[in-house]
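To start, the structure itself, in structure tokens.
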Amino acid sequence: MTASPDDLPDNLVTRLARLLDQRDGFLPAVERLCREHPEHAAALRCRAQEYLVGATSIGAVGGGQREPDPVPARIGPYRILERVGKGGMGEVYKAEQKEPVRRLVALKVVQQGMATKEVLARFDLERRALAAMNHRCIAKVFDAGATEKGEPYFVMEFVEGLPLTTYCDKHKLAIEQRLRLFQQICAGVQHAHQKGIVHRDLKPANVMVVREGDEAVPKILDFGLAKATNRDFLDATFFTERDRVMGTYEYMSPEQAAGDGEAIDARADVYALGVMLYELLAGVLPFTTAELRQAGHQGALRLISDSEPPRASTKLISLREKSSEVASRRLTSLESLSRALRGDLDWVVMKAMAKEPERRYDAATALADDLGRYLRHEPVVAGPPSVGYRLRKFARRYRVQVIAAALVLLAIAAGLAGTTWFWLDAKAQADVANKARIEAKRQEEIAEAKAKEAADNARLFAGKVREFDQLAGVVHLKSALETEKKLYPAWPHKVADMQRWLDEDVGRLLRAKPEIDKTIADLRTRALDRTPKETQTYRFGEESQRFLHDTLSELQSNLPALEANERKAVVERLSWAQRIESLTMGHPKAHVTWQAARDAIKTPDGVVASAL
């Protein structure tokens, strides 16, 4: 079983804390203490490691404060101007370089008394990692060497800026501006991952924002806790890290909290990026320093590993009166900020901070890409956790309560079973009635369609009958012309035939003329094309249309002659025949005329001649 720093007796914790006052001999003193208490050696070394890497002072018992060492005048060829930072294993100075170029640089050197094999290996890894990277968002390394006392140092770009959150709040960057700045940080972290380096201590204090012209550029610093995944680094600097908690608790991933350094990969940095994004948006950490300190060392680790933090939008509202101040630093109202965080941004942050590494973004650029989709108003890849996942997590956390609730629900379900059966039966009957109504409606639609089809067929049949009658007119025309020849000469016994010819044969044709004219006009309108008006020929899509047009056109051209010439001649013949008939013996009034003539002949005054 792994020894825990929380298992140390209070007197050993106090002694270990006091050893920090003897910083130059801290590690040798720790080893002496381990030899005195071998049963607590592992726990003592673990707690000492926490002090060395500057994880955080949660659960630590502080000792007295000592005056810092004086600032050296020079280190190597560099003139030291001031101390600007101090970590668990090194100090950072602002220095001046004069040759071969004149510039300000940052010089990091191993603290006196800290040059153990492990510290030197980690210091060398940081130097080599920075030298291997070339990205505008990562501080560049210029030089390396050792002091007169043999402590190694390296020289890098001096970054004079503000920590990430401080810069954003001071300049009151809006949400969109913060996200675009954060995307640059993701790009720098991705570059480190591609070079085989996992930072393991990403936090706003290690990301300084500087101005380059009109542009704000983040610079990622302090790779002192970096883990190498590239074999080129491992060959020279590999050492075991199992059962060591390394990093800053507020930004530490669950796998870091578990202390298994070998299991940590790039997704640990993605988790830290998610925490930083949470803080940039909501103005507060998922787990505050006060909450972690109150929980103690082991409690803080359990909180990081097992507890789901509230969403950023929810945490923002919990700040109460401070939430309006957070919104004002983002140039918006509390209502607008809360609305902006709910949904996509909450989902993106929670995916980056998922407890299980496999549920996070698999790379820093994947996180940046999802933020790009949000800025472009596109759907984000991150989505709310599934219901099944939430239920499993809830059941694991509240196992007893879940079992009790399940029993209650089972009893309620049994009571509702009968009601549910009746409801299902009524629903089935309603479904049957609904299907019957749908079928009746379908039959009604079928009947309407058939009636419409019958009406269309009737209209089509009527049209065909009308066309047939018009075509029959040609036959009637030829018959009338033949009959007309038989009406000559105009004998009285042909009066009835001539009258019938005028009234029936010719009259029928002349009465059909308007309909024939209309049919010809319709056919010509539907013609596919026509030749110039001089020839007046037409092309039809169907042979029946062409036959009907040509036949009716022939009939149309003959009707005027029939009306103007033939009909006039027959009328004259009819008049002549009627006149002859009136003078014949067969006429009903003929005997009266002839009787008058006989009587006149008998008179002496010659009246017969005038009567005739």
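Values computed for the structure shown
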read-out	value
Net charge, LEU33 excluded, C-beta distance under 10 Å - Lys, Arg +1, Asp, Glu -1	+2
The range 257-325 versus the range 187-212: alpha-carbon centroid distance in Å	19
Rg over Rh [alpha-carbon atoms, Kirkwood Rh] for the range 120-236	1.01
Per residue solvent-accessible surface (Å²) - the range 307-370, probe of 1.4 Å	46
Whole-percent carbon and sulfur share, accessible surface of the range 247-290, 1.4 Å	53
Cβ crowding within 10 Å averaged over residues, with 286-297, 399-410, 139-150 ranked highest first	286-297, 139-150, 399-410
Packing-based order for 444-452, 343-351, 158-166, using average beta carbon neighbours within 10 Å, highest first	343-351, 158-166, 444-452
Mean Cα-pair separation over length for the range 159-213, i.e. relative contact order, pairs under 8 Å, 6 or more apart, %	73
Heavy atoms of THR419: accessible area, 1.4 Å probe, square angstrom to 10	90
Per residue accessible area in Å² of the range 89-193, where ligands, DNA and RNA are left out and the probe is 1.4 Å	43
Pairs from LYS195/LYS351; LYS86/LYS108; LYS117/LYS140 whose Cα-Cα separation, in the structure shown, is over 18 Å	LYS195/LYS351; LYS117/LYS140
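The values are calculated or read from the model by the stated rules, or taken from the named source; none is laboratory data. Keep in mind that this is a model prediction, so the values were computed, not measured. Methodologically, a virtual Cβ is constructed for each residue, glycine included, from the backbone with ideal geometry; neighbour enumeration extends over all protein chains shown. For accessibility, only protein heavy atoms count, side chains too; no ligands or nucleic acids. Shrake-Rupley method; radii C 1.70, N 1.55, O 1.52, S 1.80 Å.
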